[in-house]
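This report refers to the structure that appears directly beneath it.
The numbers here are math on the coordinates, done by the rules we state, and not lab data. All values reported here derive from a predicted model rather than from experimental measurement. Note that each Cβ is placed from the backbone with ideal geometry, even for glycine, and that neighbours are counted across all protein chains shown.
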Amino acid sequence: MKKRYIRHASELITCQGSAPKKGNEMSEIGLIPDGGVLIHDQKIFAVGKTEELDKLIDLSEYDVMDASGKTVLPGFVDSHTHFIFGGYRAEEFSWRLKGDTYMSIMERGGGINATVSPTREATLEELTSIGRERLNRMLEFGVTTVEGKSGYGMDRETELKQLRAMKQLNASHPVDIVTTFLGPHSVLPQYKGKEREFIDMLLTDVMPVVREEQLAEFADIFCEKGVFGIEDSEYYLTKAKEMGFKLKVHADEMFSLGGAELASRTGACSADHLLKASDEGIRQMAEAGVISTLLPATAFCLKEPFAPARKMIDNGCAVALASDLNPGSCFTNSIPLLVALGCIYMNMSIEEVITALTINGAAAVGRADTIGSLEKGKNADIVILKYPSIHYMPYHTAINLVETVIKNGETVYQKEW
């Protein structure tokens, strides 16, 4: 048995629990001064004050890591990304800076549909290679588990190719990948006005193969005005659930369409974006236990008002934060940027932000029983920051403070300052 001991952390953050933290619970991060973590093979064996842990063990049996002057946290969970794609859309970013809206760019042939051709043209090997590079960058920011979506093929071959690339990467890269089928990500020109026909094609021709090859755990849909309406979205989600998929929903991003309410009544694990979520939608998400996954970097890049995180938390929602890394609206995977936006512009405390990036992110991908906190029996996914307190995270604004990343008990990233 391999034994490791991280001791004398200035602040050790546990975020203990196997369920999402809601409302006021999000401030309860389990801070232990002069804390330590005992690791046996891939699992956490014990967590507590260094003085107490020292009494439990023979130090000579452990590989000891001194974390004096540093902060130790659970590995971050980025619970909403689109990191497997071909091509880029840098020119669209400049169009938006000149005043074009996201929806107007979609209407002129840009947006999601502009990524379809390069993704279809890319080989499985090419998508896997570029995906590995992006995972490496995520790891540097302390991300130990990521959700990845398909959705840039919207045909049988490419959707399966994206998911197969993620399956290969999950088997070979330290970062764990939770996969989501997002075939209904946009409406291809040939299906405009025939959205239900497109959904039926996905349900009958693509998703059975996804289930057979175990390529995705979740199913998602872009429920939005001008894309897929409430009725078609509910039809798709209901059918996907019957097929055995867990559910996620792109909801209420541009318009208050009722996506939060839809996620609540269909039993979705999370509703994501939620910039325009209604008060009733917020109430229903809190009541139904739907994770409110907010993507502040996307709002930032689109120059849109941020999702009402404070209102959601104050009304009992469980809020997660994620990057939404994608080639169009948000080509960034910066965890420090999420921290800054959450604290400065969304009126979240640093404790709430940490909860949103750890245990609540884990709950948003159905993994809160194994990751997202530092406690006995959970996977030893751990991030060590250079500075002695969590308050340096927003204070050293948008700067990556990650010094060491441990995944399943093994050091997989070490920063040389």
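Descriptive notes on the structure:
- More than 26 Å apart - percent of Cα-Cα pairs taken over the chain: 52 percent
- Mean separation of Cα contacts under 8 Å (6+ apart) over length of segment 115-201, as relative contact order %: 32 percent
- Cut-off under 5 Å, modelled amide H: who pairs with Leu31 long-range: Thr14
- With the simple model of a label 7 Å out from the Cα in the direction of the Cβ, Lys241 to Val412 spans 3.3 nm.
- Volume per residue of the C-alpha convex hull in segment 46-151, rounded to whole Å³: 173 Å³
- Rounded to the nearest Hz, the phi-derived 3J(HN,Hα) couplings of segment 20-37 under the Karplus curve 6.51 cos²θ - 1.76 cosθ + 1.60 (θ = phi - 60°) are x, 8, 10, x, 4, 4, 5, 7, 8, 9, x, 6, 10, x, 6, x, x, 9, where x marks glycine and proline.
- When DSSP beta bridges are restricted to pairs lying wholly in the chain, around 45% turn out antiparallel.
- Look at the alpha carbon pairs under 8 Å that are at least 6 residues apart: their mean separation over the length of segment 77-364 gives a relative contact order of 17 percent.
- Estimated vicinal HN-Hα couplings, Hz - segment 244-252 in sequence order (Karplus 6.51, -1.76, 1.60; Gly, Pro = x): x, 7, 6, 10, 9, 9, 6, 10, 6
- Shape box of segment 295-374 [Cα atoms, principal axes, largest first, Å]: 35, 28, 18
- When peptides 396-409, 362-375, 52-65 are ranked by their average number of other Cβ atoms within 10 Å per residue, the highest-first order is 362-375, 396-409, 52-65.
- Short-range pairs are left out: with C-alpha atoms under 8 Å and at least six residues apart, the relative contact order of segment 1-87 is 40 percent.
- Kyte-Doolittle mean at least -0.5, axial Cα span of 27 Å or more - DSSP H helices of the chain: none
- Under Karplus coefficients 6.51, -1.76 and 1.60, residue-wise ³J(HN,Hα) of segment 60-66 in Hz, glycine/proline x: 5, 8, 10, 7, 9, 10, 7
- Estimated translational diffusion coefficient (Stokes-Einstein, Kirkwood radius over Cα pairs, 4 °C, 1.567 mPa s) of segment 339-417: 95 µm² per second.
- Mean Cβ count within 10 Å, highest first, over the residues of peptides 340-351, 240-251: 240-251, 340-351
- A simple packing score, the average count of other Cβ atoms within 10 Å per residue, orders the peptides 260-267, 77-84 as 77-84, 260-267, with the highest score first.
- For Glu403, distant residues with modelled amide H under 5 Å away: Ile384, Leu385, Lys386
- The alpha-carbon atoms of segment 239-281, seen along their principal axes, cover 30, 16, 14 angstrom, with the largest extent given first.
- Computed [θ] at 222 nm, deg cm²/dmol, the chain (DSSP H ≥ 4; -39,500 (n - 2.57); rounded to nearest 500): -9500 deg cm²/dmol
- Residues with amide H under 5 Å from that of Ile84, placed H, sequence gap 5 or more: Lys149
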